[in-house]
Amino acid sequence: WLTRADALFIASGSGMGADAGLPTFTASARGPNAWPGFAASGRGLEEMCDARWFEDDPHLAWGFWLHQCRRCADVRPHAGYEVARAWAAEAALGGFVITSGVDSHWAASGWAQPRLMELHGAVHWMQCSKPCSAEVWPLPDLSLTTDASTHRVVGKLPTCPKCGAVARPFVEMCGGDAAFSTVALSEQRARLEAWLHAALEPRGDHAAAGAGTGADAAGAPSERQGAERPLLVCLELGCGPGSVPRKMLDDIMDRAGGQGRLIRVNPRHFAVKPAFAGRAVAVPCGALLALQRLQQLESYAPKVSVVVEDEAGNGAELLGRPDASACHLFRKALAATGCAVPGLSEIGSDVTFTAQSVQLEKRNEAKLGASDSIPANLLCSVGEGRPMIARLCVSGFSFGRRSERLVAHLHAVGRLSGALVEAYHAPEYQRRLAECKDRGEVTELIRAAQAQILPQHGFPLSGDDEFSEAARKLSQMQAFLMSGKCEPRIAEHLDWTMHLSGYVKMAGLPPPKEGGYYKSRPASQGVLAVAMPTATTTPQGRGATEESASASDRWAGTHRPPNVVWIAGTWCKYEPRQMQWDGSCFVETVEFTGRRTESFQLVIGGRWDAAVYPDVPDASPYVEHKLRGPDGQGHGKNWTLGRHPEDAAHPGDRFKISVAVSAGGAPAAVAWR
């Protein structure tokens, strides 16, 4: 429940502070740390907690409350507060605390004040003792001293900044405290109701398409259904029977129905209402021990990393359960990116979810309903000690920004991809690549470079690794790199590594020599392999598109693509030949002799099973068309010079064919003049 919570409601009683060393209310009058004035004055705890002393004897009242304030400040909150705060931080709607304690430990532990309701006030706030107004203000540094014999404060007392009357702690005192400022408490209650309104989504029609359904044998909503609406987990820590926090929590559980889950922590009074059967568990121990053990159990639960991104590549990287629903992950991504978290009924029907493998992307994906989890076969390993990773694509919604965790993840991926590009682009590497005569030599060259770079980025690849072990580590590294493709700079790096490393060049080289280490293995295994760049499907006009031109400019300004674009046409009897790079695109000059038309296709690496061709026969700059391939399905679909009336040719005419390429080195636009 805690790891799947969309909202965490915490009811905290005196038992929570007791584990830090603070006594309960009744026990605070006993023991060595009790106020010494009890015995000297002959007055008991309840009598000294009466607000009338601020009128009758304010120096005595402050003698008692100064001891209480300092005692609460001297005892530090225990580690359980941080455990609860971490759970709330992982919930899409965050957490809200109500506490009957006045020790201010929730605030001192870092809990946000707007998500905190201190039912009886707190010693870290002050108010007017009259009161002249409902205002409260932070407790100042009380440099007060007390008389050891009378236990009264000596000197000037804290005063109200408005009327000058004696100030007092903002704590509900005994004896019918009419002066207690309830306005601040009302504001806290209003914030609680607003938070609950978001957490307790009305049970009506839900717009998300494909939401799962189901019920258990008792007719209560199933766990999967409960994940469709926000799951509210109520955590009760050290509240006694009949206490205000327990009454409020039980009321909220009644309101939540199937959305609510209760974890009741109390060493003695841990019974739950029969109406909560199947939705509640009792933990019969102290608050701190329970929180520590629950945290330990949580650490054993499997975790996966999910990159939730919109069509613009914005979103969040999340760490969660493998069975988390798409809607739960969506809510967490909204919270991580600072978006308002809507109820499911507010999510438009145009919002859809698609889970993808980070390695195979659209070739391995699954459409998800709101209550569906990411299939296990889409999770990829990205290295030892790292959780498996997948991508959840959200259509019909824009996050507008990236979460801090996703930014850090992309930064780490970018460092690795940039280091690989730098290593492959080094002059010495390119010289050795040019000397490679078969696929085995290229593979060994790539692997040697990777063995130098990858260990610096958490992938302990060694040149001595067995083939299967090296392939496993490289597959993990590949998944890690591909998880960052939503960042254009990383996507360009991955395209460049395909060409600069020599991976694409291998397609045009002979197999390894007899007896070579890689003879019995595909040359593409054991080296970095990302998806082969494909031709653009953008309709082309007479010249290269603006997008294509800017892509080739990036090649010209930074990395020159290898001569991987080949051309095969009628003038050379369809024998593939390499095109020449002129600094901005690949070019080929054709002279018309006895024919009035010349036709051609492009072939990647000189291979006919990797042809790039138009989607219509006799395409030209005057005929709208799209590029297809690379594959072997382009028979009969060629570009043809001289066929269109606007493109008439005569014997002796010379045409210059230009092929602009994308940042990945794939043909993006074909033109001629």
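A few points about this structure:
- Taking the criterion of being over 19 Å from Trp1 (Cβ atoms) and either crowded, with 21+ Cβ neighbours inside 10 Å or in contact (Cβ under 8 Å) with a residue 40 or more places away in the chain (or both), the residues of segment 247-274 that qualify are Met248, Pro267.
- Where Ser149 falls short, out of the listed (1) farther than 28 Å from Pro114 by Cβ; (2) open to solvent by less than 30 Å² (accessible area, probe 1.4 Å): (2)
- Residues located in segment 279-306, provided they are open to solvent by 70 Å² or more (accessible area, probe 1.4 Å) and not aliphatic (A, V, I, L, M): Pro284, Gln292, Arg293, Gln295, Gln296, Ser299, Tyr300, Pro302
Here is a yes/no grid of residues against (1) small (Gly, Ala, Ser); (2) over 18 Å from the mean Cα position of the chain (by Cα); (3) at pLDDT 90 or above:
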{"site": "Cys393", "(1), (2), (3)": "no, no, yes"}
{"site": "Phe397", "(1), (2), (3)": "no, no, no"}
{"site": "Leu406", "(1), (2), (3)": "no, no, yes"}
{"site": "Glu422", "(1), (2), (3)": "no, yes, yes"}
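- Hey, Pro455 open to solvent by 50 Å² or more (accessible area, probe 1.4 Å) and either in contact with a helix residue (DSSP H, G or I) (Cβ under 7 Å, 6 or more places away or on another chain) or outside any helix (DSSP H, G or I) (or both) or not: no
- Taking each residue of segment 284-299 that is closer than 13 Å to Phe270 by Cα and looking for partners that are small (Gly, Ala, Ser) and assigned to a helix (DSSP H, G or I) with beta-carbon atoms closer than 7 Å, six or more apart or interchain, yields Gly286/Gly15; Ala287/Gly15; Ala287/Gly80.
- Annotation: of all residues in segment 635-673 being of a type in the set (S, T, N, Q) and open to solvent by 20 Å² or more (accessible area, probe 1.4 Å), the one that is nearest to Pro617 (Cα to Cα) is Asn638.
- The set of residues in segment 117-136 that are closer than 23 Å to Trp195 by Cα and touching a Lys or Arg at 6+ places or on another chain (Cβ under 9 Å) contains only Met117.
- Checked against the criterion of being surrounded by 14 or more Cβ atoms within 10 Å (Cβ to Cβ), in contact with a His (Cβ under 6 Å, 6 or more places away or on another chain) and either in contact (Cβ under 8 Å) with a residue 24 or more places away in the chain or under 17 Å from Val307 (Cβ atoms) (or both), the candidates Ser381, Ser417 yield just one match: Ser417.
The values are calculated or read from the model by the stated rules, or taken from the named source; none is laboratory data. These numbers come from a predicted model, not from an experiment. So basically every Cβ, Gly included, is an ideal-geometry build from the backbone, and we count neighbours across all protein chains shown. Areas reflect the complete protein model, heavy atoms only, side chains present, ligands, DNA and RNA absent. Shrake-Rupley method; radii C 1.70, N 1.55, O 1.52, S 1.80 Å.
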